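K.L.:
Structure below; questions to follow.
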């Protein structure tokens, strides 16, 4: 049985609005407490740009980024129920197709598709089911597809026992911190020089 929970948007334009999310084996929402803390480290507010929310679940991270000043977000999830939940939340906030795009796709296929479309992101959120994703492979793909802007950040949420590499291609981990006994966050910046 899938349990339906509600999360809230912490700050910005949509502050206090509630989002629907699904919790289960494939969808593990980032708690409000963690979300508030990480955005204090990442921003906390932004001046435009586009973000990518991989393994988006409810879309809470990408929507929080939109609320805090990003212009556009692309949401990627391979599970139908997650995509339906993201669509519900986008409609709830009356976000346009220009502001919010949803791709029901495997993460690697989505990254290649976004590269073909010429997309570049200032922020990439990676929040997969813990211990199920090869972060090194995924970060390599992001770097090789040149999807991160020169000043961009990749956010990786992972199990506290997962060890992420210090360097992957043009991405360098510059910060890592943990929340309790289950969750760690690793942040990467882009070492690739702009053209």
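K.L.:
Out of all the residues in the range 57-70, is one or more modelled with pLDDT of 95 or more, farther than 19 Å from residue 129 by Cα and part of a strand (DSSP E or B)?
P.N.:
No; the residues of the range 57-70 include none that is modelled with pLDDT of 95 or more, farther than 19 Å from residue 129 by Cα and part of a strand (DSSP E or B).
K.L.:
Another question, then. Is it fair to say residue 54 is over 17 Å from residue 99 (Cβ atoms) and crowded, with 24+ Cβ neighbours inside 10 Å? Outline the logic, then answer.
P.N.:
Values: over 17 Å from residue 99 (Cβ atoms): yes; crowded, with 24+ Cβ neighbours inside 10 Å: yes.
Considered against the rule, which asks whether it is over 17 Å from residue 99 (Cβ atoms) and crowded, with 24+ Cβ neighbours inside 10 Å, residue 54 comes out as yes.
K.L.:
Scanning for something modelled with pLDDT under 95, surrounded by fewer than 23 Cβ atoms within 10 Å (Cβ to Cβ) and in a loop (DSSP other than H, G, I, E, B), does the range 31-41 turn up at least one residue?
P.N.:
Yes, there is a match, as at least one residue in the range 31-41 is modelled with pLDDT under 95, surrounded by fewer than 23 Cβ atoms within 10 Å (Cβ to Cβ) and in a loop (DSSP other than H, G, I, E, B).
K.L.:
In the range 74-170, which helices (runs of 4 or more DSSP H) lie fully inside it and hold 1 or more residues that are in contact (Cβ under 8 Å) with a residue 12 or more places away in the chain, surrounded by fewer than 16 Cβ atoms within 10 Å (Cβ to Cβ) and in contact with a strand residue (DSSP E or B) (Cβ under 9 Å, 6 or more places away or on another chain)? Can you show your working first?
P.N.:
On the way: elements: 80-92, 107-116, 135-144.
Result: 80-92, 135-144.
K.L.:
Could you check how many residues of the range 183-195 are surrounded by 12 or more Cβ atoms within 10 Å (Cβ to Cβ) and more than 18 Å from the chain's Cα centre (by Cα)? First the steps, then the outcome.
P.N.:
Within the range 183-195, the first condition is being surrounded by 12 or more Cβ atoms within 10 Å (Cβ to Cβ), and the residues that meet it are 183-192.
Next cut, more than 18 Å from the chain's Cα centre (by Cα) only: 191-192.
Matching residues across the range 183-195 total 2.
K.L.:
Here is a further query. Within the range 1-10, which residues are surrounded by fewer than 18 Cβ atoms within 10 Å (Cβ to Cβ) and at pLDDT 85 or above? Steps first, please.
P.N.:
Pass one, the range 1-10, residues surrounded by fewer than 18 Cβ atoms within 10 Å (Cβ to Cβ): 1-6, 8.
Correct list: 8 only.
The values are calculated or read from the model by the stated rules, or taken from the named source; none is laboratory data. Computed from a predicted model, the values in this text were never measured in an experiment. Counting neighbours? That spans all protein chains shown, and the Cβs are built from the backbone with ideal geometry, glycine included.
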